[in-house]
Amino acid sequence: MSPQVYEGNLDGRDLRIAIVAARFNETITRRLVDGALDCLRRHGVRDDACSVTWVPGAFELPVAASRIAGSGDVDAVVCIGCVVRGETPHFDYVAGSAASGITRAGLDSGLPITFGVLTTDTADQAGARAGGKAGNKGFEAALAAIEMANLFASLPKARPDV
């Protein structure tokens, strides 16, 4: 007997993907958005099946992602932002709230919401992850969104009473 195996694929032709991006640290986040859009196009997602919504900062990503996920108009949401550690605890509050809020938005909506938020100690580290020597984490978050949207399409449907 063979178990039922579920896994996503990287074919985005029939998917609708939303990107929610934080304007704060825009020099970095624009590069992450460009990487995400490049990924979506390379994997067959049509331009008219993509949207980009800009919010002020990483703290605002979860509420916008939740609203978009709840619309029923998309198959997945990619959250993009950049929080660079400073000299105050502000970093911890913003980064932690963004991470837990994005997780909650995904769990509450039942939709894949991926985490493309850089949380780095320096601007140089952020640049390396936004198309530098460490790759483009926006591209990677979009790739995960495609795979997860396809995986969710193949999984058994959740029971309404659960």
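The values are calculated or read from the model by the stated rules, or taken from the named source; none is laboratory data. All figures in this text were calculated on a predicted structure; none of them were measured in a lab. As a convention, Cβ positions derive from the backbone with ideal geometry for all residues, glycine included, and neighbour counts pool all protein chains shown. These area figures cover heavy atoms from the full protein model, side chains too; ligands, DNA and RNA do not enter into them. Shrake-Rupley method; radii C 1.70, N 1.55, O 1.52, S 1.80 Å.
Tabulated values for the structure
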item: Enumeration of residues in the range 106-133 that are free of Cβ contacts under 8 Å to residues at least 12 places away in the same chain and surrounded by fewer than 14 Cβ atoms within 10 Å (Cβ to Cβ); result: 107, 124, 132, 133
item: Residue match in the range 73-83 (condition: assigned to a helix (DSSP H, G or I) and surrounded by fewer than 21 Cβ atoms within 10 Å (Cβ to Cβ)); result: no
item: Close pairs (6 angstrom Cβ cut-off, 6 or more residues apart or separate chains): on the phi > 0 side of the Ramachandran plot and of a type outside the set (Asp, Glu) in the range 37-53, at pLDDT 95 or above and open to solvent by less than 30 Å² (accessible area, probe 1.4 Å) anywhere; result: 44/12
item: Boolean, residue 103 is more than 10 Å from the chain's Cα centre (by Cα), under 16 Å from residue 19 (Cα atoms) and open to solvent by 20 Å² or more (accessible area, probe 1.4 Å); result: yes
item: Restricting the range 1-10 to residues that are more than 10 Å from residue 146 (Cα to Cα) and either in contact with a His (Cβ under 9 Å, 6 or more places away or on another chain) or among the hydroxyl-bearing types (Ser, Thr, Tyr) (or both), the residue that is surrounded by the fewest Cβ atoms within 10 Å (Cβ to Cβ); result: 2
item: Flag if residue 85 is of a type in the set (Lys, Arg) and over 21 Å from residue 140 (Cα atoms); result: yes
item: Residue list for the range 19-63, filter: open to solvent by 20 Å² or more (accessible area, probe 1.4 Å), more than 17 Å from residue 119 (Cα to Cα) and in a helix (DSSP H, G or I); result: 34, 37, 38, 41, 42, 47, 48, 63
item: Residue check for residue 91: modelled with pLDDT of 95 or more and crowded, with 16+ Cβ neighbours inside 10 Å; result: no
item: Filter result for residue 13 (over 26 Å from residue 104 (Cα atoms), free of Cβ contacts under 8 Å to residues at least 40 places away in the same chain, part of a helix (DSSP H, G or I) and open to solvent by 80 Å² or more (accessible area, probe 1.4 Å)); result: no
item: Test: residue 117 is out of contact with any Ser or Thr (no Cβ under 8 Å at 6 or more places or on another chain) and either within 16 Å of residue 143 (Cβ to Cβ) or modelled with pLDDT under 95 (or both); result: yes
